[in-house]
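Reading through the structure tokens given below for one structure.
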Amino acid sequence: MIIAVDGPAASGKGTIARALAKRYGLPHLDTGLLYRAVGLTVLREGANPENEAHAMAAVDFDEALFDDPELRGDEAGRAASQVSAHPLVRAALLNRQRKFARQPGGAVLDGRDIGTVIAPEAEVKLFVKATPRIRAQRRHAELQRRGSFVSFDKVLADIRERDARDMARATAPLKPADDAVLLDTSFLSIDAAIQRAVALVEART
Ligand code: C5P
């Protein structure tokens with residue numbers, strides 16, 4: 001069984017994907033980390049994430065980055081969004097994600113284009129969403145917990161900018177697959193969102 005979980009930043013898709021993987025004993029891939037690793041490598045080289053050639057020079061990034069705390073930070077997120085708009089970068093990361101999705105026994109992947117591009121054959125496709133303001137509140141609270149004091153307005157502006165870039169790009173834009181089920185987490189607790197996701201998986205399998 002392949003479960004595809006897509007959605008914008010801070011929608012809850014990562015938490016939901018991890019919970020589903022645990023529940024069904026499936027391996028999980030957070031595909032955003034691949035783009036983050038490329039973005040962070042470009043930044044550390046002093047190169048420009050908006051330049052496709054610079055980004056391509058970073059697609060064979062060091063896997064040790066997966067343990068780097070900065071990978072989950074906002075700088076890496078912004079650079080990820082920039083490098084992920086380049087078609088060559090997306091193509092370079094495609095096989096790795098497809099292979100993960102098609103391993104025997106199945107997998108859970110979360111990202112932006114899992115249901116549309118990486119695994120259109122997935123048995124279950126969830127598109128997780130929440131209003132920009134609510135996602136910004138979650139991200140703001142998380143940043144504060146980690147000791148990083150950015151203003152709420154800045155976080156909201158960042159979320160809107162990332163949404164716009166992810167939705168507007170020509171290659172694999174952020175959008176629900178035609179056969180995806182929408183899950184709006186705006187007014188759901190984490191537990192309630194997970195329960196809803198489990199019910200949707202059970203209904204589809
Ligand atoms: O999900 P996360 O915030 O870690 O993703 C970082 C960025 O990577 C996103 O803003 C998006 O631009 C890009 N991304 C993507 N396709 C994916 C996963 C992430 O374009 N499958």
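Assorted remarks:
- Inter-centroid distance (Cα atoms) of the range 23-55 relative to the range 83-155, Å: 11
- For the range 47-57, Karplus couplings with θ = phi - 60° (6.51, -1.76, 1.60), whole Hz, Gly/Pro x: 9, 10, x, 7, 8, 4, 5, 4, 5, 5, 5
- Coordinate range of the alpha-carbon atoms in the chain per principal axis, descending: 48, 38, 31 Å.
- Point-charge dipole on Cβ atoms (K/R +1, D/E -1) for the chain, about Cα centre, debye to 20: 480
- Distances between placed amide hydrogens fall under 5 Å for residue 125 paired with 4, 181, all partners being 5 or more residues away or on another chain.
- Sorted by Cβ neighbour density within 10 Å, fewest at the top, the residues 99, 175, 125: 99, 175, 125
- Most positive-pole-ward Cα, 164, 15, 32, against dipole of the chain from beta carbon charges: 15
- Derived scalar couplings between HN and Hα for the range 106-115 equal x, 6, 10, 10, 10, x, 10, 10, 5, x Hz in order, rounded to whole Hz, by the Karplus curve 6.51 cos²θ - 1.76 cosθ + 1.60 (θ = phi - 60°), x for Gly and Pro.
- For the range 70-87, 3J(HN,Hα) per residue [Karplus equation, 6.51 cos²θ - 1.76 cosθ + 1.60, θ = phi - 60°, Hz, x = Gly/Pro]: 5, 4, 9, x, 6, 4, 5, x, 5, 5, 4, 5, 6, 5, 6, 7, 7, x
- Full-extension gain in nm, residue 153 to residue 98, via 0.36 nm per residue minus C-alpha separation: 16.1 nm
- Net charge, residue 184 excluded, C-beta distance under 10 Å - Lys, Arg +1, Asp, Glu -1: +2
Taken together, the values in this text are just the output of simple stated rules run on the coordinates, not laboratory data. None of the values given here were measured: they were computed from a predicted structure. In this analysis, Cβ positions are derived from the backbone assuming ideal geometry, glycine residues included, and neighbour counts consider all displayed protein chains.
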